[in-house]
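One structure below.
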Amino acid sequence: MTKHIFLTGPPGIGKTTLIQKTLEVLKSSVVPMDGFYTEEVREGGRRIGFDVVTLSGRRGVLSRIGSSPSGARHECRVGQYVVDIASFEQLVLPLLRQADLDSSGVKKVCVIDEIGKMELFSQSFIQAVRQILSGSETVILGTIPVPKGKPLGLVEEIRNRKEVKVFSITRENRDSMLQDVVTAVKNCLK
């Protein structure tokens, strides 16, 4: 039985947009939802990094071009971006722990967009995601990158779990996938 839904596809294909549209549809069904998505930060038309934005609108730095934040012991980099693990964990970990702790018997949706290289620098994030994957009350609606280069442990683990359904998003299917994703999430909530 499917318990979690993940979207995969190349960067910029529309995974986050599809998740946001899915949440709009689910709002009418009074399903408790929380979580975060990752958003590009642009300055003068140029991407300078990524922020994490919670469903309640709180925002924190995930990464920026350049050097590490003051006080960082060592840099965690993905290409030209330096990941601010402390900022990411401060915003995201309480959300994930709350999603896992709440045992009211009511199923809920936790958005995790995305589980990618930057986020995987945080061991606490990896543990929190694994905890939710193994629980029974929370349905993850998340995104994972397409396999490229060296496999990412947690991403491959998610891809191979029998209780996870992964939708591959393409330019051709992204506009027609909304109902399939909504139906899949609703089935997980039953």
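Treating the angle as unsigned and between 0 and 90°, give the value, to the nearest 10°, between the Cα long axis of helix 85-101 and the longest Cα principal axis of the chain.
In the chain, helix 85-101 runs at an angle near 20 degrees to the longest axis.
Between segment 112-129 and segment 146-161, what is the separation of their alpha carbon centroids in Å?
Cα centres, segment 112-129 to segment 146-161: 12 Å.
Remind me, relative contact order of segment 91-190 in percent, using alpha carbon pairs under 8 angstrom and six or more residues apart? Walk me through the numbers on the way to the answer.
Values: 78 pairs, mean separation 29.4, N = 100.
Over segment 91-190, the number comes to 29 percent.
Check which residues have an amide H placed less than 5 Å from V78's amide H, if you skip close sequence neighbours.
Under 5 Å from the amide H of V78: V83.
Show me, for segment 177-188, the HN-Hα J-couplings you get by feeding each phi into the Karplus relation (A = 6.51, B = -1.76, C = 1.60, θ = phi - 60°), rounded to Hz, glycine and proline as x.
Each residue's phi maps through the Karplus curve to give 8, 3, 5, 4, 5, 4, 4, 4, 5, 4, 5, 5 Hz.
Might you tell me the accessible area per residue for the chain, computed with a 1.4 Å probe and given in Å²?
Numbers: 9870 Å² over 190 residues.
Here the residues of the chain average 52 Å² of exposed surface.
Would you please give the FRET efficiency between K148 and V106, computed as 1/(1 + (r/R0)^6) with r the Cβ-Cβ distance and R0 = 30 Å, to the nearest 0.05?
0.20
In the chain, carbon and sulfur make up what percent of the accessible area (probe 1.4 Å)?
Details: 4960 of 9870 Å².
Carbon and sulfur together cover 50 percent of it.
From a point 7 Å beyond the Cα of T17 in the direction of its Cβ, which residues of segment 147-171 have a backbone N at a distance under 12 Å?
Output list for this probe position: 170-171.
Between L7 and residues 5 or more places away or on another chain, which pairs have amide H atoms under 5 Å apart, with H built 1.01 Å from N, and which residues are they?
Residues meeting the criterion, in which the H sits 1.01 Å from N, are G142, T143, I144, F167.
At 25 °C and a viscosity of 0.890 mPa s, what translational diffusion coefficient does Stokes-Einstein give for segment 1-90, taking Rh as the Kirkwood radius over Cα pairs? Give it in µm²/s as a whole number. Intermediate results must be reported in sequence, preceding the final value.
On the way: Rh = 15.1 Å.
After rounding, the answer is 162 µm²/s.
Give the long-range amide H neighbours of V111: residues separated by 5 or more places, or on another chain, with amide H under 5 Å away, using H modelled in the peptide plane at 1.01 Å from N.
Amide H neighbours of V111: D34, G35, F36, L141.
From the backbone phi of segment 160-169, what are the Karplus-calculated ³J(HN,Hα) couplings (6.51 cos²θ - 1.76 cosθ + 1.60, θ = phi - 60°) in whole Hz, Gly and Pro given as x?
Computed from phi, the couplings for segment 160-169 are 9, 6, 5, 8, 10, 9, 10, 9, 8, 9 Hz.
Above 23 angstrom, tally the Cα pairs of the chain and express them as a % of all pairs, no decimals.
Details: 7330 of 17955 pairs.
More than 23 Å apart: 41 percent of the Cα pairs in the chain.
Pairs K108/K148; K3/K108; K3/K190: which exceed 21 Å Cα-Cα?
Going by Cα-Cα distance, K108/K148 fall outside the 21 Å limit.
The values are calculated or read from the model by the stated rules, or taken from the named source; none is laboratory data. What you see is a predicted model; the values in this text were computed from it and never measured. Because the Cβ atoms are built from the backbone with ideal geometry, glycine has one as well, and the counts that use them run over all protein chains shown. Accessible surface areas use protein heavy atoms only, side chains included; no ligands, DNA or RNA. Shrake-Rupley method; radii C 1.70, N 1.55, O 1.52, S 1.80 Å.
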